[in-house]
Amino acid sequence: MELQQMPEGSRDGNTLTLPGPFEHVPVDHSLRRVDSGYGPGLTEVPAAAPATHASPSDANNVHNQPEAVVEGSGPPVTEPHIETTQTGPDDSQQSFSAFSKYEKLFIVVMVTLASFFSPLSGQIYYPVMPTLVRNYHLTPELINLSVTTYMIFQGLAPSFMGTFADTGGRRPAYIIAFAVYTAANIGLALQNSFAALLVLRCLQSAGSSGTVAFGYGVIANIATTAERGKYIGPMAAGVMVAPALGPVIGGLLAKFLGWRSVFWFLVIVSGGYLVFYVLSMPETARKIVGNGRAVPNEWWRRSVIQWWSKRQAQSDEEGQSAEGSQQQSPHTKRLRFPNPLRSFAILLEWDALIIISYVGIVMFSNIALLTSTPNIFGPLYGFNELQIGLCFLPLGVSSCLGAVLYGKVIDYNYKRIAQKLGAPVDRKKGDDLRNFPIERTRLQTVFPAMAIGVAAFIPYGWVLQQRVHLAAPLVLQFIIGFCFVASLNCLNTLLVDLFPDKPATAASACNFVRCCLSAVGAAVISQMLSGMGWGWCFVFLGLVMGVGMGLLWVENVYGMGWREKRLLKIERKKMEKEARAAEIQVEEKADAVVTRN
């Protein structure tokens, strides 16, 4: 879009004045290009509006971008003209992400591995619970408290850590999380009391649970809307595959090496990951490094590779010519104590509430399926712990396939709708979603997958109740796993699209609801199976998911309007904030003139 600069001069349309005590101070009304926050779409705003963002990345943030100056009237007089400058380069002229294809792949692999730990820690624990009952001379109900507290912290901790990752950066959030998680695993491997077990399980959950929310934030930082599906897919696969593999790993370790080996295994893999992360993983938060080209000022925000490269460049006299390819971060962003209320505030938005609620419903049904498998398959088929663990593999394999393959379907459908509407698809700079029906585009891929998944879920209980051959329930599990993960992948991608400036905070809100409903599902599924019977229990849960799809239809119809209202509200607040900032700046300038005179 071409922008014409307005001529300066007379009062009739060329000068904008502020009302109130500063109405005689003219403000330059020439136009400049800004990003809307939802892609490279350009918005015309006064050039002299103060640029408060402190980094190139904030030009992409609708919450930090000045929009307009308050109109007013008053006779034009000659006063000192206030000039404002923009810190950092204009991101509208740069690629959305400076990371190469292979760097993005590496980053996605790292966040996928990180997201694996939280569900793995929850499920790998189940095979050792009977041993702990005997070891501490406790009842199963007391040992189950360690599961309940784990799930509670799994829901609450990301509300703190997700907000911290959005404001303080992804890298320090990951490092703190894995340091706490690794230390908790060491304590669990060495503890000898139930009280210590309970406390350390809480710390273990608090350290690992935020990694899922961090992952969505990282992907939102490096991937445009057109390619987001294929990157979120692998991470979603890690979240869903871990519950299937956890019991198998835990059972093998507990059987051959003892129950403490489970926690030593987690120490080794998490400690190794932490070391490799510190060495190699760059910061991706756009508020700190923009599109990834800038180098953070603080040493702890840089990977060891970045730190060494910068040191070599500084010691090399000829290395100064390389400064054009890598910018210095223009500011220092302080770490602040996270505010968990920001995560809960996401739930006040209608579109987010609908999406997150349906994710919670699906996860309730999924955890009911997972939790009931050991209790049903053991007595029904006469399986031991290892054989029961192997029965989780079809669900794990299909979950992985659903996440990876359906991610490509999500991106294909986005491209198809964009071409149909004549909207450009820019995988380098990103797309403007302000007038794009992203809700309808994403949900089109949810409905068919979810319908097939519900159709396979409803007869699952009857198949078990009729004692059909083992192949039948395992095939149904395969279909259910593929469809559930594919649907959740679509919904999580949409959630990131709706809140691109705070994806980790939005993911934390989703994680809170998901974990709470999962905890409820794990607690009540035994009573539901015994009270309703296997067949009617799964019929009921399937019907709840089917009826719940009506919520997604509401989002499909009204979601775009809700999103526009939210953006207008944000812009209005920014307009008021920038007007107040302009008045303060004018007052300070006027006071300086009076002082000099």
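The values are calculated or read from the model by the stated rules, or taken from the named source; none is laboratory data. In this text the structure is predicted, and so the values were computed from the model without any measurement. Cβ coordinates were reconstructed from backbone atoms using ideal geometry, including for glycine residues, and neighbour counts include every protein chain displayed.
If the condition is being surrounded by 17 or more Cβ atoms within 10 Å (Cβ to Cβ) and more than 24 Å from the chain's Cα centre (by Cα), then segment 552-574 contributes only K574. Among the residues making up segment 474-494, those that are over 19 Å from F364 (Cα atoms) and either free of Cβ contacts under 8 Å to residues at least 40 places away in the same chain or crowded, with 22+ Cβ neighbours inside 10 Å (or both) are T493, L494.
Comparison of G229, G272, G210 shows that the only residue that is without any contact (Cβ under 8 Å) to a residue 12 or more places away in the chain and in a helix (DSSP H, G or I) is G272. Applying a threshold of 6 Å to beta carbon distances and a minimum spacing of six or more residues, or different chains, the list of pairs starting in segment 557-568 at a residue that is farther than 18 Å from K502 by Cα and ending at one that is surrounded by 13 or more Cβ atoms within 10 Å (Cβ to Cβ) reads G559/D351; G559/E439; M560/P437; M560/E439. When segment 381-394 is filtered for residues that are farther than 14 Å from L474 by Cα and touching a residue at least 12 places away in the same chain (Cβ under 8 Å), the ones remaining, listed by number, are E385, L386. Go through segment 133-143 and count every residue that is without any contact (Cβ under 8 Å) to a residue 12 or more places away in the chain, assigned to a helix (DSSP H, G or I) and of a type outside the set (A, V, I, L, M). Going through segment 133-143 one residue at a time, the tally reaches 3.
Of the residues screened, I356 is one that is modelled with pLDDT of 70 or more, under 20 Å from T493 (Cβ atoms) and assigned by TED's automatic domain parsing to the domain that holds V239.
Pick out the one residue from L541, L551 that is assigned to a helix (DSSP H, G or I), assigned by TED's automatic domain parsing to the domain that holds T112 and closer than 22 Å to T441 by Cβ. Outline the logic, then answer.
Details: L541 fails: closer than 22 Å to T441 by Cβ.
Of L541, L551, the one residue that is assigned to a helix (DSSP H, G or I), assigned by TED's automatic domain parsing to the domain that holds T112 and closer than 22 Å to T441 by Cβ is L551.
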